[in-house]
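Worksheet: one structure, shown below.
Any read-out appearing in this document is the output of simple, stated calculations on the displayed coordinates, not a laboratory observation. What you are looking at is a predicted structure, and each value in this text was computed from that prediction instead of being measured. A quick note on method: Cβ atoms are made from the backbone with ideal geometry, for glycine too, and the neighbour counts reach across all protein chains shown.
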Amino acid sequence: MSTTLNNSRDERVPVRGLEGVIAADTSVSYVDGIHGRLLYQGYDIHDLAEHTSFSEVVFLLWRGRLPTRAERDVFSAELVAEMRLPSQVVEMLKLTPPNSHPMAVLRTAVSMLANFDPDVENMSPEANWRKAKRLLAQVSTIIADLHRIRHGQPLLSPDPNFGLSANFLYMLRGTPPTPLEAEAMRVLMVLHADHELNASTFAARVIASTLSDMHSALAGALGALKGPLHGGANQRVMEMVLDIGNVEMVQSYIAGMLENKKRIMGFGHRVYRTEDPRSPHLKKFSELLCKSTGQEHLYEISRRIEQAVMEAKGIYPNVDFYSATVQHALGIPPEYFTAVFAASRTAGWIAHIMEQYADNRLIRPTSRYTGDMGLPFVPIDRRG
Ligand SMILES: CC(C)(COP(=O)(O)OP(=O)(O)OC[C@H]1O[C@@H](n2cnc3c(N)ncnc32)[C@H](O)[C@@H]1OP(=O)(O)O)[C@@H](O)C(=O)NCCC(=O)NCCS
């Protein structure tokens, strides 16, 4: 029997969940949780959602300024040209069990890509810029290819007439997006591209701060995004909306969940104390797309859920709530929703990784020790 000897207590107090801790400087994006504002490199998300292509936003996040038209066109074409995957990675996608989660496959595939990237260990800014473009483009292709492999469909090459976001949808579904679908996909990708120091971005920056490679940092970020308290919420929102099934059931379903102290997925936020500024844009496209695909009831159910949660708890929807019905109406299966989020957020992760490299200090916090101290050592033959 061992005895506990508390020599002294560790009196330091940790900040649970690092809530409110300012852990980095960034110019990539700014979240004002009180006033419900989101800026990418100084530009309001509402302006970007209205006016910019996804490629423009990626250029902005990585370069810190909006591109000229000529720069945007060149950059967009470069991204589309980088969508090809090494054949070994495609083979690996085919080897994954059909029921493994697309986020798990994506995480593995990004890790595997590192082994085939000629620049993987080259940390020069030029090499990082090349890797950034390749990785961003390849993440979309991994998701599209996985979906088609699992449906026994032939893999598609990107169409040079589309940008990255429209190509992503085209290569996943096999049908060219309508103007409304292309617009919804653009907005979806623009809105998810960055969000300051959320859990996955922090994970990416921690890994980058060890001066590990970009692929490693991205694989870590994907692991963090996968969780239901982060990017995994959008899939669960859709499962809930489909489970509720009709508008009349919303009130009792939500009341039942709250009585059982269950969290309603797609609601609440660590930083926003008011409406998430991304939500109204997604709500608009949820309505338009659900109507245009004859699934208006799914939009109506969502709207009633929003009302019910607001009345019961005063909590606003976050980005994951209306993005669920947007993606569903675009023909994307729910298990791919988080991966689609990841395809866009890769832009932000890479911006933060490059920012970390540019002014690095190893991220290494400390913890309060709550275990025993000074236990007398017992040789192995006297234990038991
Ligand atoms: C995102 C999230 C983890 C942030 O949580 P947080 O900052 O830790 O907030 P807290 O857990 O302190 O919640 C504060 C209060 O709001 C409630 N709350 C927060 N989100 C809720 C939700 N989605 N459903 C029901 N109640 C919720 C909590 O129960 C708590 O209520 P209480 O004070 O009566 O106990 C949380 O809102 C959540 O779990 N949301 C659902 C998952 C989701 O949509 N994630 C995507 C985030 S973009």
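Place the peptides 196-205, 241-250, 227-236 in order of packing, highest mean first, counting for every residue the other Cβ atoms within 10 Å and averaging per peptide.
Packing proxy ranking, top to bottom: 196-205, 227-236, 241-250.
Work out the length of the dipole vector of the chain about its Cα centre, built from +1 on the beta-carbon of each Lys and Arg and -1 on the beta-carbon of each Asp and Glu, and round it to the nearest 20 debye.
780
Can you sort TYR272, TYR369, TYR253 from fewest to most other Cβ atoms within 10 Å of each residue's own Cβ?
Ordered from fewest to most neighbouring Cβ atoms within 10 Å, TYR272, TYR369, TYR253 come out as TYR369, TYR253, TYR272.
In terms of Cα to Cα distance under 16 Å, which lysines are near enough to LYS261, apart from those fewer than 8 places away along the same chain?
The qualifying lysines are LYS313.
In what sequence, highest mean first, do 115-128, 344-357 appear when ranked by Cβ atoms within 10 angstrom?
344-357, 115-128
Hey, fewest Cβ within 10 Å first, where do PHE377, PHE54 land in order?
In increasing order of surrounding Cβ atoms, one gets PHE377, PHE54.
If each residue's Cβ is checked for other Cβ atoms within 10 Å, how do MET103, MET92 rank with the fewest at the top?
Ascending number of Cβ neighbours within 10 Å: MET92, MET103.
Hey, what's the per residue convex hull volume over the C-alpha atoms of the stretch 1-128, in cubic angstrom?
It comes to 289 Å³ per residue, whole-number rounded.
For the chain, just say rounded, prolate or oblate: build the C-alpha gyration tensor, square-root its eigenvalues into a ≥ b ≥ c, call rounded for a/c under 1.5, and beyond that prolate if a/b exceeds b/c, oblate if not.
Oblate, because a/c is 1.5 or more while a/b does not exceed b/c.
Can you find, among VAL340, ASN360, GLY17, the residue farthest towards the positive end of the dipole of the chain? Put +1 on the C-beta of Lys and Arg, -1 on that of Asp and Glu.
Positive-end residue among those listed: GLY17.
Cβ neighbours within 10 Å, averaged per peptide: list 220-226, 66-72, 337-343, 32-38 in order, most packed at the top.
Averaged packing, sorted descending, gives the order 337-343, 220-226, 32-38, 66-72.
From the helices alone, meaning DSSP H stretches of at least four residues, give me the mean residue ellipticity at 222 nm for the chain, per-run term -39500 (n - 2.57), in deg cm²/dmol to the nearest 500.
Per the formula, -17500 deg cm²/dmol.
Give the cross-link partners of LYS291 among the lysines, using a straight C-alpha distance below 16 Å as the criterion and excluding same-chain residues fewer than 8 apart.
Answer for LYS291, where 16 Å is the Cα cut-off: LYS283, listed by chain and number.
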